[in-house]
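A short write-up of the structure that comes next.
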Amino acid sequence: MNYKSRREAYSYPTVGLAGSLSSHQHKYFASTIALDEYHRDLLRSEREEKALLGYLSVIYWGHYASSDGRNLAARAAARVTMARDGQLFKHNASVCRRRGLADFAPGAAFDTLQRAVVALDGKKNSNAVRILCELPQIQFAFATKLCAFIKPDSCGVMDSVLATRLPQFGFTVSKQGYVRLNQENLGRYDRYCAYLTKTALELNLEMEHSRWVDRDQTQHAWRALDVERALFG
């Protein structure tokens with residue numbers, strides 16, 4: 001596989017949210033590295049407002065485009081509102097509620113993010129996935145998106161597209177098309193991240209492929225997240 005050409009062909013939109021939790025707006029980035037650094041800094045912030053904006057921004061980014069490349073900005077914005085405010089819906093003639101940040105006790109969602117950061121810095125990637133799934137709108141795949149932005153040197157995304165494309169890692173997907181949150185998949189995520197990290201180290205030692213070129217023409221060393229993006233294509 002030519003990791004360099006595949007990484008440089010990675011085309012997912014580089015977008016996020018700026019502003020505040022109550023008043024945010026679309027933000028475009030000229031490079032994938034700029035996007036990554038923005039989300040990393042927000043999610044690692046010691047200020048609750050910034051960290052939670054990072055969480056919402058990742059939700060926006062992750063829902064912004066369809067698998068066939070269509071722009072779904074309205075869907076992304078609706079998901080952000082739902083994650084922030086929660087949502088009432090009907091199920092079997094009963095009125096139910098999807099949780100949002102508004103349903104958490106003060107500081108609880110921020111504490112969840114901070115616990116995940118501690119787990120990732122302690123090389124406990126699967127523990128971080130489990131912790132992040134406590135947040136609204138977050139299941140296995142989106143938890144790994146958050147992990148990848150918090151710790152790009154040693155984490156990558158694992159969603160249903162990659163699970164299907166990379167059967168050698170053994171991730172199981174539900175009938176609804178979601179990577180299952182179970183102990184087996186958590187263990188597989190640790191092994192997957194180890195593979196991404198090892199491959200990044202090997203690529204950094206190769207003269208021909210030791211640097212890849214971002215959208216703004218800057219060159220960068222490999223991280224686990226870059227290997228995952230090469231696999232995504």
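Values quoted throughout were computed directly from the atomic coordinates according to the rules given, and no laboratory measurement underlies them. Source: prediction; values computed, not measured.
Tabulated values for the structure
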read-out	value
0 to 90° range, to nearest 10: angle between helix 73-85 axis and the chain longest Cα axis	50 degrees
Distant-in-sequence amide H partners of Cys133 (H built 1.01 Å from N, under 5 Å)	none
Whole-Hz couplings from phi, Karplus 6.51/-1.76/1.60, listed for region 55-63; x for Gly and Pro	4, 5, 5, 5, 4, 4, 4, x, 9
Proximal lysines to Lys151, defined as alpha-carbon separation beneath 28 angstrom and excluding residues fewer than eight positions away on the same chain	Lys4, Lys27, Lys50, Lys123, Lys124, Lys198
Sum of -39500 (n - 2.57) over DSSP H runs of 4+, divided by residues of the chain (222 nm, nearest 500)	-15500 deg cm²/dmol
Set of lysines near Lys90 by C-alpha distance (under 23 Å), chain-local residues within fewer than 8 positions excluded	Lys175
Residues with amide H under 5 Å from that of Ala65, placed H, sequence gap 5 or more	Leu72
J(HN,Hα) series, region 12-17, from Karplus relation 6.51 cos²θ - 1.76 cosθ + 1.60, nearest Hz, glycine and proline x	4, x, 9, 9, x, 10
Most fluctuating residue given options Ala102, Ala143, Ala200, as computed from a GNM of the chain linking Cα atoms under 10 Å	Ala102
Gyration tensor (alpha-carbon) shape descriptor, region 75-180, a/c threshold 1.5	oblate
